[in-house]
Structures are given as structure tokens and as C-alpha cells.
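Have a look at the structure below before the remarks.
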Amino acid sequence: MSDSSGNQKLKRRHHTVPRLLLRRFADGEQIIRVPLDGGPRRSVGIADVTVRRDFYSMRDASGQLDDTVEDLFAELEGKAARVIRRVVSGVWPLPTGERAVLAECIAAQHARVPAARKAHNEMADHLGKVLIAMGGKPEIRRRLEENATKPVSDQEVDALWEELTDFDGYYAEMSVNDHMALMGQSMKTAYEVFMARSWGLIKFERRALLIPDHPVTLVRGDDVPRWFGVGIGNAAAILVPIDRRAAIIMASPGHDDFFVRTFTKLAKELNQRFADNARNELFHHPHDNPLNGVELPTARDRETQVSQPPQRYLMPDGPSEAFKRTVSDVPQPPPDGRPGTGQGRKGALHFRNGPNNGLNAEFPVDDDQEYLWFRNGATGANERYRRTSETIVIKGVTHTIFEYAPE
């Protein structure tokens, strides 16, 4: 650890896209920055782009800033830079060890970007406000009484309820320490997914690529509805630019790593996808024009969309039974006749996609149970989830992932 009180200077300016990648798109130390807010395109130094102050600095037990994460990134980037140089020089497929280094670097890039933090904050803010709305004044009173030394008055409860339900008046954010913990979990999961996929190398002789401020680009499958979320697990492909003339595509697992035959339209398609994945800006080499034929998106200020605002769940008198989600008292049998009634031992489950996306809970499931049903108390509808072979570790507990599978 290094801090302002020690001998080693604290690193405060953190790159959310490492210089090892930016340098592959630069002329020396200069790169063209293209803002998405309509500002002018101009040449800038790579030392001054994608920089956030103290973005990865945690607080230690004494409250001092800790830049250990930035040091770990620097060590990983040094290893990855050597691997990328070998790929660009013609080494492909990569040996397992070097492939693992690059997979870890790309996993870090996927987890370290501002969009990941913004998504966590937006979800935490929304969920926290929904819980306040549904808990009502009884929950406000309970929390006040936990630390009260005298009786809590109705006026105090009403005043705090009024303040906390002014949802447009405040925004709740997670601490950087919590974000770093989530980033570590995300990196581990992403690394495992990336290593399991088949990798292809896309390498151009003359055509040039751009790099967005969020380089790891997920490709939605043609059969995936627009309202359905796309993540590293269900993406049809994952694209990563590693050089102005090279990119990696991660395809479905089960095949050897491969080369991709290149053509002019492919470069344009890749650049359009990279541009669409940018949030605020993108970059390219000063001698290139990879934006030819590319439609620039507008800057993106949100990462999540919710169908119902927290005001929709306001219950001043506390939650009613209609808004309690419960496991169906009489689970429906699987339509394909496979066993599993949901009467087995309790298991730790994680629900992905659908109305209960992100829910972690313990429910009785059989070891061979393929489906699990919820009865949605708000709508009366039964919601079906299907067991996957994937697991996720949350606070040291392994959860089986059930994915939304509407009939």
C-alpha cells in the first residue's frame, strides 16, 4: 500500500482504459479523441485520456487511500503488453499461459470501466428506494427505534418518510470499496467465461480500427429480443480491439482458436460496433480514418432501464401481501415430465434475467430439478426459471444459477 503519509507517492490519476491499449492506436504518445457530445475532434496525449482521479483507490481501516489495485493493474498490463506484441507480430493461436494472461487483462478491462460502476450504482439506488417505498413508515420507525434512546414520535417518522421518498432529490451510490469487491468477482467470472470461449484473431493489412472508451464489446444474438439483457454469458460474440489493425473475437465454446478472413466491410462493421459501445468518447490513430461510413452514437448517461420507478411501490402503511413474491405453494410439474418438485433441501440460488434478475435466495430444490416456478404476488403470474450448469460465489457461498425461461 502507498499513501500520502508514506514514502511512496500515491497514484491518483487512474486510466480506465490502460495506456498499453491506447498506445496501440497512437502515433507515439498522441491519439485522436472523438467526443460523442459534438465537441471537436483533436489530437491529445494518451496520458490525459480515460483518466479518473482515485477511481480504483480504496479506503483502508484507518481511512487512508490505498492504491494497491492500481499497482496490480500495472503489473497485469505489463504482462499483457508483451502478449499483445506477440499476437500482432504473428503468433496465433496463443499458448495456454499467454492466452490466460490476455484473458485476465480483458476480464479486468470488462470490469474496470466506468459503465460497470455506474450500473452497480443505478441498481443499488433503485433497489434501495424500492425497499424504502415498500417498507413504508413501519420500517422507518423500526430503524429509528434501533438506535433511539427515547420513544420515536409520529412526527419524526413522518418527516423522515417525507425526506426519503423524495426519490428525485437524492442519488445513492455504493462505496469504492464495495465496487472493488464487485469488480474482483466480475473479473473472476469473466476470466472463466473468456477462457472457455473459442478465440478468433481478426487482423487487417491496410484497414484500421478505432477503440472506444469501453473496449470490450458484446454482440447480441439475432434471436435475442431487444428487451432481453446481454452479458458475457449469453453474448453471441465478444469483440476486443487490441491494435489499430487487430481485434479478438470470442465465439461459442467447443472449437479450436482460429483466424478470421478479413474484408473491407468487416472493418466497417467492427468500427460501428466499437463506436456503439462507447459511452462518451472514442479514439483512433492520427493517420487513420476508421470513422468513414460509421454513424456515431450520442453520449450515454445511463446503463440500466427500469419499467417501474420506485414511486410505483409506495406503501406508507407497509407492504401488502399482493407485493410479496413467494415460491408457489404447489409447484407446477415440469412440462417435459422430468423430475423435480421443489420439495428437496434448501439450496443457494442466483436468478438471472427476467423479473427476478439478480435475486439471491435460498429455496427448496431437488438435486436433479431442472425448473423452478415463482408465483408473482403482484401479477398472479407463474414465472419459470431453468437450472444452468453455472454457479457464482457470493460472500463465500456458491449459488446455482437459474435463468429465466418463459414457457
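The values are calculated or read from the model by the stated rules, or taken from the named source; none is laboratory data. Computed from a predicted structure; not experimentally measured. Don't worry about glycine lacking a Cβ; one is built from the backbone with ideal geometry, like all the others, and counts go over all protein chains shown. Just so you know, the surface numbers come from the protein's heavy atoms only, side chains and all, with ligands and any DNA or RNA stripped out. Shrake-Rupley method; radii C 1.70, N 1.55, O 1.52, S 1.80 Å.
Arrange the residues I394, I46 by how much accessible surface each exposes, largest first, with a 1.4 angstrom probe.
I394, I46
What is the log10 of I(q)/I(0) for the stretch 79-194, computed with the Debye formula using one identical point scatterer on each Cα and no solvent, at q = 0.23 Å⁻¹?
-1.17
Counting only chymotrypsin sites (Phe, Trp or Tyr not before Pro) that sit in a DSSP loop (anything but H, G, I, E, B) with at most 13 other Cβ atoms within 10 Å, what is the longest stretch of the chain containing none of them? Could the numbers behind the result be given before it?
Details: sites that count: Y170, Y171, W227, F228, F263.
After excluding every exposed loop site, the longest remaining stretch is 1-169.
Of all DSSP beta bridges located in the chain, what percent are antiparallel, nearest 5?
Among the beta bridges of the chain, antiparallel pairing accounts for roughly 90 percent.
Quick one: angle between helix 114-146 and the longest Cα principal axis of the chain, in degrees between 0 and 90, rounded to 10, please.
Long axis of 114-146 versus the principal axis of the chain: about 20 degrees.
Could the peptides 290-303, 103-116, 231-244, 74-87 be put in order, highest first, of the mean number of other beta-carbon atoms found within 10 Å of their residues?
Working: 290-303: 14.2, 103-116: 22.0, 231-244: 19.7, 74-87: 16.4.
Per-residue Cβ counts within 10 Å, averaged per peptide and sorted highest first, yield 103-116, 231-244, 74-87, 290-303.
With n ≥ 4 as the cut-off for DSSP H runs, can you work out [θ] at 222 nm for the chain, using -39500 (n - 2.57) per run divided by the number of residues, rounded to the nearest 500?
-10000 deg cm²/dmol
In square angstrom, what is the accessible area per residue of the chain with a 1.4 angstrom probe?
Per residue, the chain has 54 Å² of solvent-accessible surface.
Stokes-Einstein diffusion coefficient for the chain at 20 °C in a medium of 1.002 mPa s, Rh from the Kirkwood formula over Cα pairs: what value in µm²/s? Write out the running numbers ahead of the final one.
Details: Rh = 24.2 Å.
In µm²/s, the coefficient rounds to 89.
Percent of accessible area on the chain owned by carbon and sulfur, 1.4 Å probe?
Whole-percent figure for carbon plus sulfur exposure: 49.
Less than 15 Å Cβ to Cβ from R82, Lys/Arg counted +1 and Asp/Glu -1: what total charge do the surrounding residues give?
+2
Net charge around A267, counting only other residues with Cβ within less than 10 Å of its Cβ (Lys, Arg = +1; Asp, Glu = -1)?
+4
Roughly how many Å is it from the Cα centre of the stretch 236-303 to that of the stretch 65-122, as a whole number?
What the calculation gives is 17 Å, centre to centre.
Only Cα pairs under 8 Å and at least 6 apart count here; give the relative contact order of the chain as a rounded whole percent.
Numbers: 686 pairs, mean separation 65.5, N = 407.
Result for the chain is 16 percent.
Answer rounded, prolate or oblate for the stretch 1-149, using the Cα gyration tensor with square roots of eigenvalues a ≥ b ≥ c: rounded when a/c is under 1.5, else prolate when a/b is larger than b/c, else oblate.
prolate
Using a Cα distance threshold of under 22 Å, what count of lysine pairs results for the chain when pairs must be 8 or more residues apart or interchain?
The result is 15.
With everything on Cα atoms, drop me the angle between helix 264-277 and the longest principal axis of the chain, reported from 0 to 90° to the nearest 10.
The answer is roughly 40 degrees.
Sorting check: for 63-70, 219-226, which peptide has the highest mean count of neighbouring beta carbons within 10 Å, and how do the rest follow?
Values: 63-70: 16.9, 219-226: 10.6.
So the order, starting with the most tightly packed, is 63-70, 219-226.
Kindly express, to the nearest 10 degrees and within the range 0 to 90, the angle between helix 154-164's C-alpha long axis and the longest C-alpha principal axis of the chain.
Roughly 20 degrees, rounded to the nearest 10.
If you plug each phi of the stretch 237-250 into the Karplus form 6.51 cos²θ - 1.76 cosθ + 1.60 with θ = phi - 60°, what whole-Hz ³J(HN,Hα) values come out, in order, with x for Gly and Pro?
3J(HN,Hα) across the stretch 237-250, in whole Hz: 7, 10, 10, 9, x, 10, 6, 4, 10, 8, 9, 10, 10, 9.
Suppose accessible area is computed on protein heavy atoms with a 1.4 Å probe; arrange M315, M123 from highest to lowest. Please list the in-between numbers first.
On the way: M315 20, M123 100 Å².
The ranking, largest first, comes out as M123, M315.
Fully extended, how many nm does the chain gain between T149 and S389 (0.36 nm per residue separation, minus their Cα-Cα distance)?
81.3 nm
Compute the signed sum of charges (Lys and Arg +1, Asp and Glu -1) over the other residues within less than 11 Å, Cβ to Cβ, of A148. Don't skip to the answer; put the middle values down first.
Values: positive: R141, R142, R143, K150; negative: E145, E146, E156.
Net charge in that neighbourhood comes out at +1.
What does the C-alpha gyration tensor say about the overall shape of the stretch 158-240? Classify as rounded when a/c is under 1.5, otherwise prolate if a/b is larger than b/c, or oblate.
Prolate.
Just by accessible area at a 1.4 angstrom probe, what is the order of K129, K188 from largest to smallest?
Highest to lowest solvent-accessible surface, that is K188, K129.
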